[in-house]
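The values are calculated or read from the model by the stated rules, or taken from the named source; none is laboratory data. Since the structure is predicted, the reported quantities are computational estimates derived from the model, not experimental observations. Neighbour counts are summed over all protein chains in view; Cβ atoms, including those assigned to glycine, are modelled from backbone coordinates with ideal geometry. For the accessible areas, the whole protein counts, side chains as well, though only heavy atoms, and no ligand, DNA or RNA atoms are used. Shrake-Rupley method; radii C 1.70, N 1.55, O 1.52, S 1.80 Å.
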Amino acid sequence: MSLRRLWAIVLKELRQMRRDRITLAMIVGIPVMQLVLFGYAINLNLRHLDTGVADQAGTSASRALLMDMVATGVIHPILRVDTPEQLVQALREGRISIGVVVPPDFERRRFEGREAVQVMVDGSDTVVQSAAVQLAQVPLSTQPVGNDRPLRSGAVASAGQISVVAFYNPQRRSAINIVPGLIGIILTMTMVMFTAVAIVRERERGNMELLIATPLTRSELMIGKVLPYAAIGLVQTTLVLLLGMWLFDVPVRGSVLDVYLAAMLLITANLSLGLLISTKAQSQFQAMQMTMFVFLPSILLSGFMFPFAGMPRVVQWLAEVLPLTHFLRLVRGIMLRGARWWEPWPEVLALLAFIAVMMTLAILRFRKRLD
């Protein structure tokens, strides 16, 4: 073995790597991204969960209790309603994660030692359900407060006066939360990767010359390439649904058609993103590298592996750009809470906007030329 020839090969590989900017970015970017995400963005201690409040008592004691609950840092009231039914509807639509109900006879229940407050939780997320249990530990004072006099420190009421009721997943089975999310994970991984290499593969195999000679427009070519993959995505959705119901007894409380409509939105969003990547990548290897650069934040920041509410605000803004974030809220609402596909309308609008932007950019960047 010649050390001189060996060193020549090493220099050649280093120079080639230096010219490959995408590979160089992956070498530096992936360790930095993982360090930042796991060290800063990922937080299992949930705080400031979106909460609705129905204070039917309206006394100083009930207001003081709600202030104590807010002081725990677990809840963040964003909605005030008059009846528990309105809180149930807000939970079903995904607008809140927790609902606090204070009944009209709160004072009498409190002094008699009976259940005085009910905390309703969206149990489709088991992490949120566990965090809400902390609210049951908030003490209630048993000292009489008269007519709306300020609450004074006194004896603590008996345990069990604040009950936590989990909707949609009272058994706290992890599969009920994971299986709907797996639909999004699988579609994100496969759809983006399939289309990311689509245009690049045509160049590498020499088929681009044939496409250039056809009368196809850019829009026709791009849309025609994604339609077969859309059908594949629906097949994958069907497979996950059937296996989830058969193996893990995952319910589909909403319409199956709504599940497919939500899946179609994510499929189209991922296909348009993959096409945009394919117009930038110079080889199939580069296309796969760029796909992983998108897939890693999607799986970590979307709320599939780690609770979305535990992330810093800046990271949440970044996660809102990812289509998987909106799909998880949409599909869990349909499958687990029985919502219709249009009820979580902010998620639908976000996916439609992402599709429009990505597809427009992909079509504008694509050129029917070999250079």
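Key figures for this structure:
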{"read-out": "Helices (runs of 4 or more DSSP H) contained entirely in the range 210-318, each with at least 1 residues that are within 30 Å of residue 74 (Cβ to Cβ) and in contact (Cβ under 8 Å) with a residue 12 or more places away in the chain", "value": "256-280, 284-301"}
{"read-out": "Residue count for the range 352-371, restricted to those that are part of a helix (DSSP H, G or I), touching a residue at least 60 places away in the same chain (Cβ under 8 Å) and open to solvent by 20 Å² or more (accessible area, probe 1.4 Å)", "value": "8"}
{"read-out": "Criterion: acidic (Asp, Glu) and open to solvent by 30 Å² or more (accessible area, probe 1.4 Å) - qualifying residue of 320, 347", "value": "320"}
{"read-out": "Scope the range 334-355; condition farther than 11 Å from residue 92 by Cα and acidic (Asp, Glu); matching residues", "value": "347"}
{"read-out": "Output for the range 64-96, where each listed residue is open to solvent by less than 60 Å² (accessible area, probe 1.4 Å) and either in a strand (DSSP E or B) or free of Cβ contacts under 8 Å to residues at least 24 places away in the same chain (or both)", "value": "75, 77, 79"}
{"read-out": "Residue selected from the range 213-245 under the condition of a type in the set (Gly, Ala, Ser) and at pLDDT 75 or above, by the criterion most open to solvent (accessible area, probe 1.4 Å)", "value": "231"}
{"read-out": "Selection count where residues are part of a helix (DSSP H, G or I) and either open to solvent by 30 Å² or more (accessible area, probe 1.4 Å) or not polar (S, T, N, Q) (or both), scope the range 323-344", "value": "14"}
{"read-out": "Pair list, Cβ under 9 Å, 6 or more apart: the range 335-351 residue closer than 14 Å to residue 122 by Cβ, other residue of a type in the set (S, T, N, Q)", "value": "335/124; 336/124; 336/169; 336/177; 337/124; 338/255"}
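Let's see how each residue does on (1) at pLDDT 85 or above; (2) buried (at least 19 other Cβ atoms within 10 Å of the Cβ):
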| site | (1), (2) |
| --- | --- |
| 112 | no, no |
| 117 | yes, yes |
| 123 | no, yes |
| 132 | no, yes |
| 136 | no, no |
| 139 | no, no |
| 146 | no, no |
| 150 | no, no |
| 160 | no, no |
